[in-house]
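Worksheet: the structure to be examined is printed underneath.
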Amino acid sequence: MHTQLTDEQRKTLEDYDALIKELFAASGENLMTSFHAGWNDISITYFTPNRVQHSSLWTANGDNTFAGKIQRALDLRAEEDANADKIKAERIEQLRGELATLTGEAA
């Protein structure tokens, strides 16, 4: 059975597409969705701008709707932004250690 989208459904999906791009595309993030059997649940995996993976987003307050999961991704980005200097320092130390291992020098 072939179903045609109504004009209203098409507009809703196009609006969704534009909103997701507005919220995430410009920041270097990745957002992956997965619709599960029966389509009763949508899983979201989110990669922050610093490439930290958060699989199967869920919210502590129980709002596990699609909108709740999108808000959780935005909250994770804000947390990462607030800790940007710490994250950068940790990454530099990690890279120094990797370089020392590769060159055989002491870190």
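Over every pair of different alpha-carbon atoms in the stretch 7-103, take the mean of 1/r and invert it; report that Kirkwood radius in Å. List each step's numbers first, then the result.
Details: mean 1/r = 0.0644 Å⁻¹.
About 15.5 Å for the stretch 7-103.
When only C-alpha pairs under 8 Å and at least 6 residues apart count, what is the relative contact order of the chain, in percent? Let's see the in-between values first.
Values: 72 pairs, mean separation 13.1, N = 107.
Normalised by residue count, the contact order of the chain is 12 percent.
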Convex hull around the C-alpha positions of the stretch 1-56: the volume in Å³ per residue is 98
Listed residues 96, 77, 51; largest mean-square fluctuation, Gaussian network over the chain with Cα springs below 10 Å, found at 96
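Which value, in debye to the nearest 20, describes the size of the charge dipole of the chain about its Cα centre when Lys and Arg Cβ atoms bear +1, Asp and Glu Cβ atoms bear -1, and nothing else is charged?
Numbers: 11 positive and 18 negative charges, 34 e Å.
In debye, rounded to 20, the chain gives about 160.
Mean residue ellipticity at 222 nm from the helices of the chain, using -39,500 (n - 2.57) per DSSP H segment of n ≥ 4 over the full residue count, to the nearest 500 deg cm²/dmol? Numbers along the way, then the final one.
On the way: 3 runs with 55 residues, N = 107.
Theoretical 222 nm ellipticity from helices: -17500 deg cm²/dmol.
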Order the peptides 62-73, 11-22 from the highest to the lowest mean number of other Cβ atoms within 10 Å of their residues.
-> 62-73, 11-22
Among 47, 12, 100, flag the residue with its Cα farthest along the positive direction of the charge dipole of the stretch 7-103, charges on Cβ as +1 for Lys/Arg and -1 for Asp/Glu.
-> 100
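None of the figures in this text is laboratory data; all of them are computed from the coordinates on show. Quantities reported herein were computed from a predicted structural model and do not represent experimental measurements. Methodologically, a virtual Cβ is constructed for each residue, glycine included, from the backbone with ideal geometry; neighbour enumeration extends over all protein chains shown.
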